[in-house]
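Visitor: Provided herewith is a single structure, encoded as structure tokens, for subsequent inquiry.
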Amino acid sequence: TARLAPELAGTFRRLAAGVYDGLLLLALLMLYTALTQVLTGGEAISFETVGAWEYAFQASVLGVIVAYFGTAWTRRGETLGMKAWKIRVERDAGGVPAWPDVLRRLAFAVPLYGLAIAGLLLFMAREAGGAVALALSLPLVASYAWHALRGGGTLHDLGSRTRVLRIPNA
């Protein structure tokens with residue numbers, strides 16, 4: 001049988017998979033935070049109460065995020081959210097990403113998503129108006145708009161020389 005050429009994943013699928021992964025990552029980080037509370041005797045992790053633990057905790061949270069995506073992408077090319085939406089990430093030349101690809105991809109993606117999430121949280125906490133939240137979301141929106149209109153990938157695809165493909169039904 002003829003093999004179908006890989007098709008780039010659409011914007012909706014990518015964002016839907018991102019929501020799934022975001023919820024899974026939130027649950028994982030909540031569990032991780034609960035476990036780290038044992039080290040502080042139940043104290044909140046802040047610089048005023050536990051000193052250098054705050055910095056160690058922040059760095060380790062970033063490590064959990066890198067481990068979640070990196071392990072999934074380097075082994076199968078897909079996270080649980082991507083598997084649910086039948087998409088996978090691979091190198092432009094084919095094959096699953098290696099760790100340097102993952103680190104480049106996250107270096108481009110984390111600031112985009114971080115700004116958008118910060119804007120949303122500030123808006124929800126009524127610390128900022130809708131204009132500020134929208135402004136913080138614009139880099140991510142622009143990256144996905146470029147993908148949707150041009151079909152060439154998002155900023156994190158281009159920067160890491162990877163692409164997100166739709167997995168054809170068997």
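The values are calculated or read from the model by the stated rules, or taken from the named source; none is laboratory data. It should be emphasised that the depicted structure is a prediction, and the values quoted were computed from it without experimental measurement. Every residue, glycine among them, receives a Cβ derived from its backbone with ideal geometry; neighbour counts consider all protein chains shown. The protein model used for the area step is the full one, side chains on, heavy atoms only, and it has no ligands, DNA or RNA in it. Shrake-Rupley method; radii C 1.70, N 1.55, O 1.52, S 1.80 Å.
Visitor: Test each condition in (1) in a helix (DSSP H, G or I); (2) over 21 Å from GLY152 (Cα atoms); (3) of a type outside the set (Val, Ile, Thr); (4) at pLDDT below 95 for GLY18 and report the one that comes out false.
Guide: (2)
Visitor: (1) assigned to a helix (DSSP H, G or I); (2) surrounded by 14 or more Cβ atoms within 10 Å (Cβ to Cβ); (3) modelled with pLDDT under 95: which one isn't true of THR49, the others all being true?
Guide: (2)
Visitor: How many residues does the stretch 113-128 contain that are over 17 Å from the mean Cα position of the chain (by Cα), surrounded by fewer than 15 Cβ atoms within 10 Å (Cβ to Cβ) and in a helix (DSSP H, G or I)?
Guide: From the stretch 113-128, those over 17 Å from the mean Cα position of the chain (by Cα) are 122-128; that's our starting set.
Now narrow it down to the ones that are surrounded by fewer than 15 Cβ atoms within 10 Å (Cβ to Cβ): 124-127.
Now restrict to residues that are in a helix (DSSP H, G or I): 124.
Adding up the residues that qualify gives 1.
Visitor: Name the one entry in LEU26, LEU35 that is open to solvent by 80 Å² or more (accessible area, probe 1.4 Å), at pLDDT 80 or above and within 12 Å of the chain's Cα centre (by Cα).
Guide: Answer to the check: LEU26.
Visitor: Filter the stretch 93-107 down to residues that are of a type in the set (A, V, I, L, M, F, W, C) and under 20 Å from VAL141 (Cα atoms) and give me whichever is surrounded by the fewest Cβ atoms within 10 Å (Cβ to Cβ).
Guide: If we take residues in the stretch 93-107 being of a type in the set (A, V, I, L, M, F, W, C) and under 20 Å from VAL141 (Cα atoms), then ALA107 is surrounded by the fewest Cβ atoms within 10 Å (Cβ to Cβ).
Visitor: With respect to VAL110, determine if the residue is part of a strand (DSSP E or B) and either open to solvent by less than 70 Å² (accessible area, probe 1.4 Å) or of a type in the set (Phe, Trp, Tyr) (or both). Let's see the steps before the verdict.
Guide: On the way: part of a strand (DSSP E or B): no; either open to solvent by less than 70 Å² (accessible area, probe 1.4 Å) or of a type in the set (Phe, Trp, Tyr) (or both): yes.
No, not satisfied.
Visitor: Return yes when GLU54 is in contact with a Phe, Trp or Tyr (Cβ under 7 Å, 6 or more places away or on another chain), more than 24 Å from TYR144 (Cβ to Cβ) and without any contact (Cβ under 8 Å) to a residue 12 or more places away in the chain and no when it is not.
Guide: Yes; evaluated as a whole, the condition is true for this residue.
Visitor: Test TRP73 against the stated conditions and say whether it is at pLDDT 95 or above and more than 20 Å from LEU15 (Cα to Cα). Step through it out loud before you land on a result.
Guide: Values: at pLDDT 95 or above: yes; more than 20 Å from LEU15 (Cα to Cα): no.
Taking the combined requirement at face value, the residue does not satisfy it.
Listed here are the residues, each with its yes/no results for (1) without any contact (Cβ under 8 Å) to a residue 12 or more places away in the chain; (2) loosely packed, with under 13 Cβ neighbours inside 10 Å; (3) aliphatic (A, V, I, L, M).
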| residue | (1), (2), (3) |
| --- | --- |
| GLY63 | yes, yes, no |
| ALA72 | yes, no, yes |
| ARG91 | no, no, no |
| GLY130 | yes, yes, no |
| GLY153 | no, no, no |
| ARG161 | no, no, no |
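Visitor: Looking at the stretch 55-67, can you tell me whether even one residue there is part of a helix (DSSP H, G or I) and under 11 Å from THR162 (Cβ atoms)?
Guide: No, there is no match, as no residue in the stretch 55-67 is part of a helix (DSSP H, G or I) and under 11 Å from THR162 (Cβ atoms).
Visitor: When the stretch 74-89 is examined, which residues are found to be open to solvent by 50 Å² or more (accessible area, probe 1.4 Å) and either more than 17 Å from ASP101 (Cα to Cα) or touching a residue at least 24 places away in the same chain (Cβ under 8 Å) (or both)?
Guide: Correct list: LEU80, LYS83, ALA84, TRP85, LYS86, ARG88.
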